Structures are given as structure tokens and as C-alpha cells.
Amino acid sequence: MRLKTPLSEKDVRSLKFGDEVTLDGIIYTGRDEMHLRALEYAREGRELPFDLHGAVLCHCGPMLRNEGSKWHVIAAGPTTSSRMDSMEPQFIEHFGVRAIIGKGGMSQPTVDAMAKHGCVYLAHTGGAAVLAAEGIKDVKRVEWQDLGMPEAMCELEVESFGPLIVAIDAHGESLYKRVDETVASNLPNVRKQLGI
Amino acid sequence: MLGSTKLVEDVTVNLLRIAVTSLPDDVLGALRDAEREETSEVGRTQLRTILENVAAADRLSVPICQDTGMLTFFISGRCLPDLEEGIRRGMSRATSEVPLRANAVHPITRKNPGNNSGKGVPTIHYDYSDSDFTQVTVMPKGAGSENMSVLAMLTPSQGLKGIKRLVLDTVIKAGGKPCPPTIVGVGIGGSADQAMLLAKQALLRPLNIGNPDQQLAALESELKQALNLTGIGPMGLGGKTTVLGVRVEEAYTHTASLPVAVCLQCWAARRASARIARDGSVQYSREGFW
Ligand code: SF4
């Protein structure tokens, strides 16, 4: 399924965990430091450099090369999302993002915030940075460069970005939770195999 | 022969380029086998994406993953003067030439100098011997997998069962975070620091080379089979490919201790080695010289 940004609440509510999608449009990168600063801005009532309502946030620290006045993406795979767990529910509520791309999944408070506010989590294949970069057609702007290249906030234009798996949907369902349940039910057998 | 600092600098740049833009044949082969055998559809999509990504990186000669990691160097054989200086220079040159992502930051202020250099980086382990060549091996390792490392000071009575339990718990707890399928390095014995080094060194042994110790070889395959029954799967999205292999190394330890370290390596299990001969000629290998 192809999705085009910005996303509406209806767009994301229609997705179901396990669906495979690709994205066209604009995505914004943000990791630990960006979340910290954005929430600080929110507390101080300051505006972010970008309006994130209906936007897609990508947990990613891309490798960019600056060639003259233009940035080029060399590699742009996802980073581990759970590092942003403590900040994400507030981030979703305050900034109104509709989808978050990352790897490894996020915890229950984030799953709940996604169900409440209408947001989905799209799992990107961790480390598949070159394919990701091939899906990025243009680096439109790079803000907060003082945070260092991996932590800066980039506005990226993407085309057929993916494949992405809807791993947490906007109805409180999570593929990670399902896998956890499967692992838990497999565990007695695994332990038996190992004699422990 | 070039001045040895310059030679080591050039070798380091070449090594890093080889290491971060391609995968060793044993790892690639294991990923291909896994893609053929994976039964979960989502899991297969992940493995296919990984393989397409590796092919694209190779075609474009760019890093396979944006996290080019922190670098650990293993030096063995003949001692070369100014080796460390050569490695440092090579590393900072590679950061802009390959390029590598500038990952190294101050541990507390988190300030990033932007060139991957700073106090204590890169990590270099030396194992000099009387040899005709100097061997330099580099392992770039991303934070996603490194952050899942575990060191446990087990009691001797916990024994082999305790070791297996620790490995299983570590892999389950890590879930999708270290970008599975992973390679699991296990260091048993020694002191606390030695156990972790063994676990990391274990990751250098190619997946198609078994452990020369029969007992450890059996433990490796037993753990591999069991871990692949957990159902964690590629990227933790479910499936039967959770690990590509388990590598175990051991060392004698204190009679009252049983240190065990587990070091997970992501599917992007990058490594490369170079042999520098006395005459300055250099041989490279992604798999290492085994
Ligand atoms: S864990 Fe490995 S493959 Fe995954 S993002 Fe980090 S370096 Fe890349």
C-alpha cells in the first residue's frame, strides 16, 4: 500500500498491524537530542522549525554529505526507537505526528498514545540504510545542526520509501506484543531443549 | 617501504572502506540461507530488504548501514612503530573519505568533535608475537547491538546451565533492538574485562569455521538451534531466524568466579583484516586470515 504525506487521522486509523506500506512525500528525522529540545521548546511555548501536524517522524540519524550548498544522503537507516520511549507519548500528543518510522518497537505508553491520538509505528528494516537513502529524493532543510549530524532534524523528500511494516497500529495492536506472546509461549520448549 | 605511520594510515583507510561497505562472505552466505528458509512473511521481507541493501551498498560503494559504529582494532603479530598514530590518522581520514558517521562523543557532555576522535578511541587490543607480518583487524560495531551487551559474574555453582540461561535471557530481552538476525558472542571465564573481550573476539571467527574445542562447538550449535526456536525473528518482527550463529570463547578463571559476557553483533556483522609484511606489501581480507 502506498501512503502520501501529510497523513490524516483517517489514513492512519485505516491501517492494521502487519500491513506493508511505502511512503511518498515528506518525512522528518529526529532522535534523542531532537526530542529533548523539541519538548523543551514546547514547555517554553516556542515554535519548532517545522510544523509536525500530520507529519511522519523518522527515528534516524542519517549520514549526510555537504556538497556546496546542497546536502546529499549517503545512508539513512532507522535507529532504535525505544530510546525515545519516555518522550514519545508527549511528543505525539503535543506535535500531532501521525506516523513514526523506526526499529525495534516502542513500549506500552507509546502504544496507548498512538491509539488515543491516531498515530502508527512503521517498522523499517534496521541497518538497511542504502535502500533507505535511495528512497530519499531530496534533503530540503537541515535544522539544529549544533546537535551534531546524527541528531540534527532533517526535512527529507521521499519516494517509495520502504518497505515499512505497520508494527503498531492506531488501535492499540502491536506486532511486537504478538511476537512477545509467541516468544513467551515458545519459551518452555526452548528451555527444555537447553536443559535449563 | 613507506614510513610505517603513513603505511598504517593508508591500510586503516582501506580496511575501513572494505569493512563498512561490504559484508564478509560467511555472513552474506548465512543471510542468503536464512532468506531461503524463513517461513514468516514479514521476516522474509526483512531478510530480502537486508540482502538488497547489501547489494546496493556494494554497487555504490557506500556504507551498508548509517551506523558505522565505534571501531575496535585487534593487532597481532610483529610490532610496528607508531602503529597507534597511523590508526588514528587513518580513522579520521576515513571519517571524511569513506565516509564514516561521526559517532564518537564525550560520555557526559555528549559533545561531538565531528571526526570520530577523542580520548580513548578507537579501542585497540594488542597481541604481539614473533611473526613476519603485522595483522590489523577492525570491527566497526553499531550501538544498536553493542547496547545489548551483558556481563554477569555468575557463581561457579550456576555452571553451564547458568551460562545458557544468561545467553537466552540476553537474546530475548534484546528482542528486535540489535537488528536480528544477530551473531551471539559469548565469553566464558577470565576476569570481568577479559570475559567481555573474549565475547567480542569470538565475533571475529567466521560463521563457517567451527570452534576447535569439541565441547564449545557443541554448545555453539545447541544454543543456535534453541535461540532460533524463540520466534523473535528478523528485526524482532517474528520468524525462525533470530541468530545466524553463536560463537563461544573461554579462558581459565578464578576458582570462586564464573564471569560470562554476551556480546551481540547485528546482521551487519562487519569486519576486515590486513596483513602488513616486512617489505610493506599488504594483503586484505574481509573474512580474516584463518
Ligand atoms: S544494530 Fe547494526 S544494522 Fe542495526 S542500525 Fe545498528 S549498526 Fe546498523
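The values are calculated or read from the model by the stated rules, or taken from the named source; none is laboratory data. From a predicted model like this one, the values you see are computed outputs, not experimental measurements. We place every Cβ from the backbone using ideal geometry, glycine too, and count neighbours over all the protein chains shown. Please note that ligands, DNA and RNA were not included when accessible areas were found on the heavy atoms of the full protein model with its side chains. Shrake-Rupley method; radii C 1.70, N 1.55, O 1.52, S 1.80 Å.
Are any residues in the range B:41-53 open to solvent by 10 Å² or more (accessible area, probe 1.4 Å), at the interface with chain A (Cβ under 10 Å from one of its Cβ atoms) and in contact with a helix residue (DSSP H, G or I) (Cβ under 8 Å, 6 or more places away or on another chain), and if so, which ones?
B:VAL42, B:ARG48, B:LEU51, B:GLU52
Taking only pairs six or more apart or across chains, which ones have beta-carbon atoms under 6 Å, a first residue in the range A:78-94 that is more than 24 Å from A:PHE161 (Cβ to Cβ), and a second residue that is in a helix (DSSP H, G or I) and of a type outside the set (Ser, Thr, Tyr)?
Between residues of the range A:78-94 that are more than 24 Å from A:PHE161 (Cβ to Cβ) and residues that are in a helix (DSSP H, G or I) and of a type outside the set (Ser, Thr, Tyr), the close pairs are A:PRO89/A:PRO109; A:PRO89/A:ALA113; A:GLU93/A:HIS117; A:HIS94/A:ALA42.
Please count how many residues of the range A:72-123 are under 19 Å from A:THR5 (Cβ atoms), in contact with a strand residue (DSSP E or B) (Cβ under 6 Å, 6 or more places away or on another chain) and open to solvent by 10 Å² or more (accessible area, probe 1.4 Å).
Counting residues in the range A:72-123 that are under 19 Å from A:THR5 (Cβ atoms), in contact with a strand residue (DSSP E or B) (Cβ under 6 Å, 6 or more places away or on another chain) and open to solvent by 10 Å² or more (accessible area, probe 1.4 Å) gives 1.
Using beta carbons and a limit of 7 Å, which pairs, at least six apart or on different chains, have the first residue in the range A:173-196 and at the interface with another protein chain (Cβ under 9 Å from one of its Cβ atoms) and the second one of a type in the set (Asp, Glu) and surrounded by fewer than 18 Cβ atoms within 10 Å (Cβ to Cβ)?
Matching pairs, first to second residue: A:LEU194/B:GLU222.
Test each condition in (1) away from every other protein chain (no Cβ under 14 Å); (2) in contact (Cβ under 8 Å) with a residue 24 or more places away in the chain; (3) open to solvent by 10 Å² or more (accessible area, probe 1.4 Å); (4) not hydroxyl-bearing (Ser, Thr, Tyr) for B:ASP33 and report the one that comes out false.
The one condition B:ASP33 does not meet is (2).
Give the residue that is most open to solvent (accessible area, probe 1.4 Å), with candidates limited to residues of the range B:62-83 that are more than 16 Å from the ligand (Cβ to nearest atom) and within 17 Å of B:PRO140 (Cα to Cα).
Looking at residues that are more than 16 Å from the ligand (Cβ to nearest atom) and within 17 Å of B:PRO140 (Cα to Cα), I get B:PHE74.
Any chance you could count how many residues in the range B:217-242 are more than 9 Å from chain A (Cβ to nearest Cβ), over 21 Å from the mean Cα position of the chain (by Cα) and in a helix (DSSP H, G or I)?
Residues in the range B:217-242 being more than 9 Å from chain A (Cβ to nearest Cβ), over 21 Å from the mean Cα position of the chain (by Cα) and in a helix (DSSP H, G or I): 1 in total.
Kindly list the number of the only condition in (1) more than 14 Å from chain A (Cβ to nearest Cβ); (2) modelled with pLDDT of 95 or more; (3) open to solvent by 40 Å² or more (accessible area, probe 1.4 Å) that fails for B:ARG278.
(2)
Does B:VAL138 count as away from chain A (no Cβ under 11 Å), farther than 30 Å from A:GLN193 by Cα and either within 16 Å of the ligand (Cβ to nearest atom) or in contact with a helix residue (DSSP H, G or I) (Cβ under 6 Å, 6 or more places away or on another chain) (or both)?
Criteria met by B:VAL138.
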